[in-house]
Amino acid sequence: MTTEPTSPFTADDGALVARFLGETLRIEPWGKDGLRVRARPGADVVEPHVSALISGAEANQKDGNSITLGPDKASISNGRITANMSVVTRYGAEIKREVVVEYVRSDTGEELLAETRSHFAGPKTRNFKGHVGGSFKLETTFKAYDDEFLHGLGQPQHGKANLKGVSTTLMQQNAHAVIPFVISSRGYGFLWNNPAVGKCEFASNLTRWSADATIGMDYWITAGDNDREILSAYHDVTGHSPVIPDWALGFWQCKLRYRTQEELLSVAHEYKRRGLPLSCIVIDFFHWTRQGDWKFDPAEWPDPKGMVKELRSIGVEVMVSVWPTVSVTSENYKEMNERGLLITTDRGVDAVVGLIDKDPFGPMYLTYYDAFSEEARDFHWETIKRNYIDNDIDHFWIDACEPEMRPAHPENVRTALGNGAEVMCAYPMLHEKRFREGLNEEGRDGVLLCRSAWAGSHAHGVILWSGDIWSNWEWFRAQIPAGLHSGMSGLGWWTTDIGGFYDGQGNRPEFRELLVRWFEFGVFSPICRLHGFRIPDELPVPGPGEDVTYGEDTVRLFIESGGSNEVWSFGDKVEAVLTKLLEVREALRPYLEECFAAFAKTGAPVMAPVFYHFENDVESREDAGRYMLGPDLLVAPVLDENVESMTVALPQGEKWVHVWTGDVFDGGGTADVKCPWGQCPVFIRQGANSKASAAFAALN
């Protein structure tokens with residue numbers, strides 16, 4: 001007598017569940033037109049250590065979805081998206097059977113994305129390999145599509161506009177921010193909801209997401225008719241950004257570093273004396289006593305509260321750099337270490353898990369506070385409140401928050417939530433979240449400038465900046481796609497160091513040209529911030545082909561203060577150009593306020609690829625040289641030296657006005673325009689937003 005096989009598929013509280021050959025796969029509605037997908041060896045799935053999906057996003061979706069069950073097939077639909085599960089036998093062998101998933105449009109059945117094996121004989125589409133301790137190495141593979149374009153995945157530095165063909169490490173690094181959300185030209189968005197260190201490969205033969213160590217697979221997928229709908233759905237399930245304070249849309253002055261309160265105040269007053277707009281001035285690292293003390297050095301910053309009051313009296317906000325590092329010389333180290341509030345290692349010396357660096361007090365060992373511990377986050381914030389908030393500091397530059405470990409061995413890191421390889425990508429988001437919670441508790445409308453971010457960071461009012469990049473044309477060119485991918489990853493508050501961070505010397509003619517072109521880009525960026533570690537003018541200028549040198553004592557120079565980096569620091573000609581550009585930035589602020597408000601409401605990036613607003617402009621999906629600032633301004637930065645004119649492609653369906661001359665061009669063609677210093681090609685839609693038009697009407 002034979003028994004009919006039992007179907008592996010069941011419905012469970014609105015979710016479709018498959019239990020087959022020792023694996024559980026669960027798919028449930030999550031937000032409008034979205035599905036959350038989890039899998040794990042064993043009898044049930046588990047919640048990840050850290051999730052980017054906000055609780056409640058799954059609510060009220062259970063009644064609107066439909067589930068169908070069969071002996072070897074099943075499906076679940078939620079709005080525009082349907083997941084079809086099926087039991088597949090590979091190569092005619094029982095041992096090669098597995099449940100695979102295909103995602104299609106609910107209305108047409110058109111395939112959006114489908115799981116596949118990398119080889120017909122294995123491994124499985126969801127391949128778990130067990131580690132000692134209960135975690136798994138995971139690889140999940142999907143089909144590749146020749147006509148697909150992919151955008152997002154955080155802030156890369158590879159310079160590619162299209163992620164197709166790109167392999168990316170999923171590990172936070174200086175200048176490389178991992179936000180594991182991508183948007184496909186096929187009409188889906190995909191969030192790898194996993195904080196583990198791993199890899200993402202968009203190859204021509206398959207797409208593969210991997211985690212070095214994880215407790216289970218977890219991702220979210222949504223369908224939409226265009227990129228706008230997909231980004232909006234992503235923000236609905238990960239949280240919406242607050243509205244940015246108006247002052248943050250002005251000009252920020254920053255350098256490595258202002259050493260004293262007196263020096264900082266003198267620079268701010270000099271901006272006002274010259275009649276130059278200044279919204280924010282930034283206090284960089286080593287204003288503190290020891291790393292991990294998280295307080296001002298009173299010898300150089302004797303009256304922080306008085307300083308803030310004086311700056312605000314002239315219309316300037318102040319931001320302070322805070323690192324999550326803790327030195328063994330810190331007054332807090334002993335207590336934090338004994339209470340288990342620090343990141344440690346599984347092997348070797350516990351303290352050596354962060355940078356081995358120098359500060360003014362000689363060599364020291366650093367670690368990081370453990371942002372995966374609620375108790376540690378509270379301790380850190382309470383210290384910040386006592387030493388900064390209570391001195392009226394509201395805005396924080398959250399630097400080195402990847403965290404930047406040297407050497408980078410996350411599998412040797414021990415956190416409150418487990419092994420570092422399982423969770424390290426989420427460190428910056430948890431760190432930022434506690435700052436935002438603390439600011440809200442104190443009723444402060446503070447701004448956070450951060451060097452790294454993860455999925456959901458945007459909901460905590462985070463400005464991502466592109467890290468410690470070099471002052472050359474190659475790195476400058478990479479910043480345009482870096483900012484565009486950030487926006488398509490859901491993080492629209494973005495900026496870069498105008499002029500680059502390393503190796504810029506203000507008296508070198510070639511650097512001055514680069515600075516001007518970068519400043520043009522900065523003025524037409526979401527946030528406009530001048531920063532860098534400038535080589536002092538008194539040091540020798542390198543000859544052709546020679547490396548830049550900072551002199552014999554680079555570390556001392558780096559810690560104490562680099563060269564000057566104010567608008568007037570680069571000669572009269574440059575100062576005149578930058579002064580005019582600051583007028584442009586001020587005129588743009590009402591328009592930018594509307595753009596940032598739209599981002600808070602819908603997730604529309606302030607700086608977006610051309611195709612985001614013109615979806616039929618397929619060629620722009622490969623374009624790393626043009627972008628839209630809001631819905632009405634087309635910007636084409638000058639990305640090479642000695643450029644006097646440029647030919648710019650204009651999107652169809654509009655007439656475009658060259659903002660510097662008033663010349664009108666038809667969309668769908670090109671415009672040949674001159675681009676003297678201070679005038680990179682910028683075009684405005686004819687009949688555009690009144691505030692965008694007014695910005696340039698006031699200047700001409």
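The values are calculated or read from the model by the stated rules, or taken from the named source; none is laboratory data. Predicted model only: the values in this text are computed from it and were never measured. Don't worry about glycine lacking a Cβ; one is built from the backbone with ideal geometry, like all the others, and counts go over all protein chains shown. Heads up: the accessible areas ignore ligands, DNA and RNA and are worked out on the full protein's heavy atoms, side chains in. Shrake-Rupley method; radii C 1.70, N 1.55, O 1.52, S 1.80 Å.
Phi-derived couplings, Karplus 6.51 cos²θ - 1.76 cosθ + 1.60 at θ = phi - 60°, listed residue by residue for region 656-668: 10, 9, 6, 5, 8, 10, x, 5, 10, 10, 7, x, x Hz, with x used for Gly and Pro. Each of Thr116, Leu191, Leu491 was scored by the projection of its Cα onto the charge dipole of the chain, and the greatest displacement toward the positive side belongs to Thr116; charges sit on the C-beta of Lys, Arg, Asp and Glu.
Label sites at Trp568 and Asn440, each approximated as a point 7 angstrom past Cα along Cα to Cβ, lie 4.3 nm apart. Would you please classify the overall shape of the chain from the alpha carbon gyration tensor, given that a ≥ b ≥ c denote the square roots of the eigenvalues, rounded means a/c under 1.5, and beyond that prolate means a/b larger than b/c while oblate covers the rest? Oblate, because a/c is 1.5 or more while a/b does not exceed b/c. Ranking Leu278, Pro410, Phe665 by how far each Cα lies toward the positive end of the dipole of the chain (charges on Cβ) leaves Pro410 at the top.
Rounded to the nearest whole Hz, the Karplus-based 3J(HN,Hα) values (6.51 cos²θ - 1.76 cosθ + 1.60, θ = phi - 60°) of region 206-220 follow the sequence 6, 10, 9, 10, 9, 10, 5, 7, 7, 8, x, 7, 8, 9, 10, with x at glycine and proline. Among the listed pairs Lys124/Lys164; Lys255/Lys580; Lys129/Lys160, those whose Cα-Cα separation exceeds 30 Å are Lys129/Lys160. Return, ordered by residue number, the residues of region 264-291 whose backbone nitrogen is under 17 Å from a label point located 7 Å along Cα→Cβ of Ser313. What the label zone holds, given the 17 Å backbone N cut-off, is 264-273. Accessible surface for Trp475 stands near 70 Å², nearest 10, in the context of the full protein assembly shown (1.4 Å probe). Net charge of the neighbourhood of Pro298, taken over other residues with C-beta under 15 Å away and scored Lys/Arg +1, Asp/Glu -1, is -2. In loop segments of region 612-700 as defined by DSSP, the GluC sites (Glu not before Pro) with at most 12 further C-beta atoms inside 10 Å of their C-beta are Glu641, Glu644. With the simple model of a label 7 Å out from the Cα in the direction of the Cβ, Ser55 to Ala43 spans 2.5 nm. Once you order the gyration tensor axes a ≥ b ≥ c over the Cα atoms, which shape class does region 556-678 get: rounded for a/c under 1.5, otherwise prolate or oblate by comparing a/b with b/c? Prolate is the answer for region 556-678, as a/c is 1.5 or above and a/b outweighs b/c. Between Ser690 and Glu335, the modelled labels are 5.6 nm apart [label points 7 Å from Cα along Cα→Cβ]. The 3J(HN,Hα) values that the Karplus relation (6.51, -1.76, 1.60; θ = phi - 60°) gives for region 491-501 are, in residue order, 10, x, 7, 9, 7, 9, 6, 4, x, x, 9 Hz. Gly and Pro appear as x. If you sort His395, His240 by accessible surface, 1.4 Å probe, largest first, the order is His240, His395.
Here region 572-644 is assigned +1 on the Cβ of each Lys and Arg and -1 on the Cβ of each Asp and Glu. Its dipole about the Cα centre then comes out at about 320 debye. Amide H to amide H distances under 5 Å link Glu317 with Cys280, Ile281, where only residues 5 or more positions off or on other chains count and H is placed in the peptide plane. Sorting Asp666, Asp12, Asp218 by accessible area puts them as Asp666, Asp12, Asp218; the probe is 1.4 Å, largest comes first, and only protein heavy atoms count.
Accessible surface for Cys280 stands near 0 Å², nearest 10, in the context of the full protein assembly shown (1.4 Å probe).
Solvent-accessible area assigned to carbon and sulfur over the chain amounts to 48 percent, based on a 1.4 Å probe.
For the chain, the solvent-accessible area with a 1.4 angstrom probe is 36 square angstrom per residue. Pairs of Cα atoms in region 190-271 fall into 10 Å distance bins, from 0 up to the last occupied one, in shares of 12, 23, 22, 18, 19, 6, 0 percent.
Applying 0.36 nm per residue to the separation of Arg274 and Gln652 and subtracting their alpha-carbon distance, the gain on full extension is 131.8 nm. Of interest is the spacing of the C-alpha centroids, which for region 636-665 and region 107-172 amounts to 37 Å.
Summarising the amide proton neighbourhood of Gly506: residues at separation of 5 or more, or on other chains, whose placed amide H is nearer than 5 Å comprise Ile535. Close amide H contacts of Ser466 (hydrogens built in the peptide plane, cut-off under 5 Å, sequence separation of 5 or more or a different chain): Thr495, Thr496, Asp497. One chain, two ends: Glu262 and Glu641. Fully extended at 0.36 nm per residue, the span grows by 132.7 nm beyond their Cα-Cα distance. The charge dipole of the chain, taken about its Cα centre with unit charges on the Cβ atoms of Lys, Arg (+1), Asp and Glu (-1) only, comes to about 860 debye.
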